Amino acid sequence: MYHSDIIVIGAGPAGLSAAIRARRVRTYNLLTSSVTIISNSSPGGLADWTKVRMTGDGWSYEKGEVISRLMKDVEDFCIPVIQERVTGVEREGDLFRVTTDKGEYTSLAVVVATGMRMTWNEREFFKKGLFGTLKGYRFMEDHFRELCEREQGKTMVFVGTREMDKTVEFFQEINKGRMDVKRVLDSGDNILGYGDGMVVRTRDGDVRGDHVLIDFESYMLSTYTGDMIACDKDRENFIISRGRCAVDEGLFAAGDVTGPPFSLAKAVGEGTTAGLESYRYAYSKKFNKEAPVFAFYPIHKDGKPTYFQIPELEDRFRPKILGGYEIRGGKIVFRECELDHSEFNMALIEMCDGTRNMGELRRELGDVDPVIRALIHGKDLTVEV
Ligand SMILES: Cc1cc2nc3c(=O)[nH]c(=O)nc-3n(C[C@H](O)[C@H](O)[C@H](O)COP(=O)(O)OP(=O)(O)OC[C@H]3O[C@@H](n4cnc5c(N)ncnc54)[C@H](O)[C@@H]3O)c2cc1C
């Protein structure tokens, strides 16, 4: 038994897109998978606390729009978001063991979408003492000049990777001793968040200043978030994925953690690919055959479509009703589907409690397929173990 078919680590645009896509597979003969997101900060990632736009030449989605749409889907599809920090991912036979600062979770597949740096509660302090290097050095030059003039005698705390020296050097050229400078080296797990003040909370104690500058340039040159897992990485520590976001068997990576370009559109695109690929992987593990994910991966070239066949489940993959239901006006009402309030339907629903597999349901009740199909189609039934 394991916790979730797929565990997605990180709740930025890449992780949210992966989780939604892995959960939301809408063809008639597919069982939806159980998906869990684990993220150390509230959902949104970097895209939620800076002014990030998903943009083309003639169109643009503002940050709030993209993240709020993704979050609505996460809620609609009942994807649990566990707020914990992942410290390690290890393979154990057929499963992955994901260790966090509070517990352990197991899954068939893992999607790593941890971005270029860990986010904490920065969004609470953004532009209230906390800044980030962005828009390039020309913009920073103007910003530093104005800040050093205004804040003489105060303290600036730089947070970044070991590559941050270049930014500090650049600041010092403009500063000319007017502001004090402190550095906090982000080594992947030493920063615990930010506090009023401005305080950088680290495992070694609080570092106080008047301003904090997060040096994104240094993270873009060398990241830490992939450290939790042993897999191929490039010289800058970004995870190397082969085609279709695959890193290793059952292991996928998406978004900034795979390196540049750092972009919302790329994160959503790779997240979508990693979500579908992890779904296909989990499905083939469970049913020992290719998932017929029509349109995304046409596979019925042999002219033998398997529409409406609901696969038998092995004992260890038990079905469970995901959404709650209520009884209204002679109908059993789910989130997306309604059934007649008959004795047969009630018996079936009560049996879908995670203790019987599909074969047992059929043996006990006869032809349950039309009802099961309606529940699956309405995304009210999932496979959960
Ligand atoms: C200042 C700035 C401005 C930007 N502007 C734009 C823009 O205008 N347009 C654009 O397209 N892109 C822009 N970007 C880039 C864009 O924000 C990122 O490419 C995008 O957010 C990447 O998404 P992601 O999901 O890969 O990572 P992130 O958004 O970084 O999300 C990573 C998630 O993983 C979590 N996480 C990390 N480590 C762990 C762990 N160990 N355990 C649990 N959870 C963990 C984090 O808390 C976070 O939730 C900008 C970036 C910056 C820094």
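Tabulated results
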| item | result |
| --- | --- |
| Residue in segment 140-149 that is more than 19 Å from Arg183 (Cα to Cα), more than 16 Å from the ligand (Cβ to nearest atom) and touching a residue at least 60 places away in the same chain (Cβ under 8 Å) present | no |
| The listed residue being away from the ligand (no atom under 14 Å from the Cβ) and either under 27 Å from Met220 (Cα atoms) or among the acidic types (Asp, Glu) (or both), out of Asp73, Asp101 | Asp73 |
| Failed condition for Val268, given (1) of a type in the set (Val, Ile, Thr); (2) more than 10 Å from the ligand (Cβ to nearest atom); (3) assigned to a helix (DSSP H, G or I) | (2) |
| Subset tally (residues that are of a type in the set (Asp, Glu) and surrounded by 16 or more Cβ atoms within 10 Å (Cβ to Cβ)) for segment 171-188 | 1 |
| Residue list for segment 207-253, restricted to those being in a loop (DSSP other than H, G, I, E, B) and of a type in the set (A, V, I, L, M, F, W, C) | Ala230, Cys231, Phe238, Ile240 |
| Selected residue (only one of Asp256, Asp165 is assigned by TED's automatic domain parsing to the domain that holds Val89 and either in a helix (DSSP H, G or I) or touching a Leu at 6+ places or on another chain (Cβ under 9 Å) (or both)) | Asp256 |
| In segment 80-109, the residues that are modelled with pLDDT of 95 or more, closer than 22 Å to Arg23 by Cα and touching a helix residue (DSSP H, G or I) at 6+ places or on another chain (Cβ under 8 Å) | Val86, Val89, Ala109 |
| Failed condition for Asp232, given (1) under 23 Å from the mean Cα position of the chain (by Cα); (2) within 18 Å of Phe125 (Cα to Cα) | (2) |
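The values are calculated or read from the model by the stated rules, or taken from the named source; none is laboratory data. If you're wondering where the values come from, they're calculated on a predicted model, not measured in any experiment. Glycine gets a Cβ as well: all are built from the backbone with ideal geometry, and neighbour counts include every protein chain shown.
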